[in-house]
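Report on the following structure.
Read-outs throughout are calculated quantities, based only on the coordinates presented, and are distinct from any laboratory measurement. This one's a predicted model, so the numbers in the text were calculated from it and none came from an experiment. Please note: Cβ atoms are built from the backbone with ideal geometry, for glycine as well, and neighbour counts cover all protein chains shown.
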Amino acid sequence: MTALTEHERRDIDTANASGRTPVVFVHGLWLLPSSWHRWRTLFEAAGYATIAPGWPDDPETVAEGNAHPSTFAKKGITDIADHVAEAVGALTTKPAVVGHSFGGLLAQIIAGRGLSAVTVAVDPAPFQGVLPLPISALRSASPVLTNPANYQRAVPLTYDQFRYAFANAVDEAEAKDLYETYAVPGAGEPLFQAAVANFNPWSEARVKTKNPERGPLLIISGELDHTVPPAISNASFKRQKRNAGVTEIVEIAGVGHSLVIDHGWEAVAGAALDFVQRFVSPGGTGGTTSLA
């Protein structure tokens with residue numbers, strides 16, 4: 001397990017010292033924790049403390065990540081989930097967890113371990129048992145999956161690939177701005193692990209959907225998402241609703257996979273915040289559980 005960075009520990013210490021309920025934001029492939037900066041501002045204005053731990057060895061900036069793509073390579077789903085779990089475990093109050101794409105899968109893994117008070121998975125990558133595999137999802141993953149050697153590599157998206165996989169629901173000018181502002185290389189290993197999850201009984205892309213300690217879960221699906229189309233989100237919901245806890249799904253009209261970073265981010269973040277507020281208050285009461 002990769003140790004928490006100084007920056008991550010500083011955010012955790014600040015959250016713990018605040019006495020407020022923490023919200024943990026988990027990014028997905030081809031993005032960094034900085035993709036959550038506006039969400040963190042919104043949730044903090046609502047009274048929550050926030051942290052956004054990276055994946056192991058994440059660089060601090062997009063420029064640094066693009067200059068050193070190898071830093072993203074050779075990290076599997078369990079490596080990343082354990083790193084996020086370490087950050088969650090360092091909090092003194094059981095947090096809400098919000099994740100996007102592969103971060104949405106990771107958020108569900110964390111919830112399945114009983115570590116989350118409430119969870120929001122935005123366009124989450126599929127886990128073992130989620131069967132739909134739409135053509136658009138295959139095309140979005142093809143920059144990695146078409147070459148088996150990419151399992152041990154980090155693969156950047158070209159602008160055209162990013163435009164299809166992330167930014168298909170925004171105009172050209174915004175798509176270019178999002179690409180330049182947020183896009184970094186993505187680790188190949190998690191994509192390969194998710195792609196074969198239904199053929200590997202020991203897959204790391206597993207979620208303990210029936211754990212009674214999972215807590216409330218919301219899945220947010222983007223209507224026009226190519227990478228995680230609604231068919232995948234709906235199949236994830238059907239697996240998750242077997243849990244005794246609250247399980248809900250909402251589809252946001254007219255948005256693609258860039259829904260957490262593009263001009264419509266606030267409506268998506270608002271849906272996530274509303275759900276979190278139903279179950280945990282900013283002051284650490286109303287269902288929030290101490291981890292101490």
Where does the range 1-141 land on Rg(C-alpha)/(2.2 N^0.38 Å)? 1.03
Which ³J(HN,Hα) values in Hz, rounded to whole numbers, follow from the phi angles of the range 152-160 under the Karplus curve 6.51 cos²θ - 1.76 cosθ + 1.60, where θ = phi - 60° and Gly and Pro get x? 9, 10, 10, 10, x, 8, 5, 4, 4
Over the range 185-228: Rg over Rh, Cα atoms, Kirkwood Rh: 1.04
What number, rounded to the nearest 500 deg cm²/dmol, is the helix-based mean residue ellipticity at 222 nm of the chain, given -39500 (n - 2.57) per DSSP H run of at least four residues and division by all its residues? -11500 deg cm²/dmol
For a quick check: sort VAL276, VAL26 by the number of other beta carbons within 10 angstrom, fewest at the front. VAL276, VAL26
Here the equivalent ellipsoid of the chain, derived from its Cα gyration tensor, has semi-axes (largest first, whole Å) of 26, 21, 19
Beyond 23 Å (Cα-Cα) in this structure, taken from LYS74/LYS241; LYS94/LYS238; LYS210/LYS238; LYS208/LYS241; LYS75/LYS241, we find LYS74/LYS241; LYS94/LYS238; LYS75/LYS241
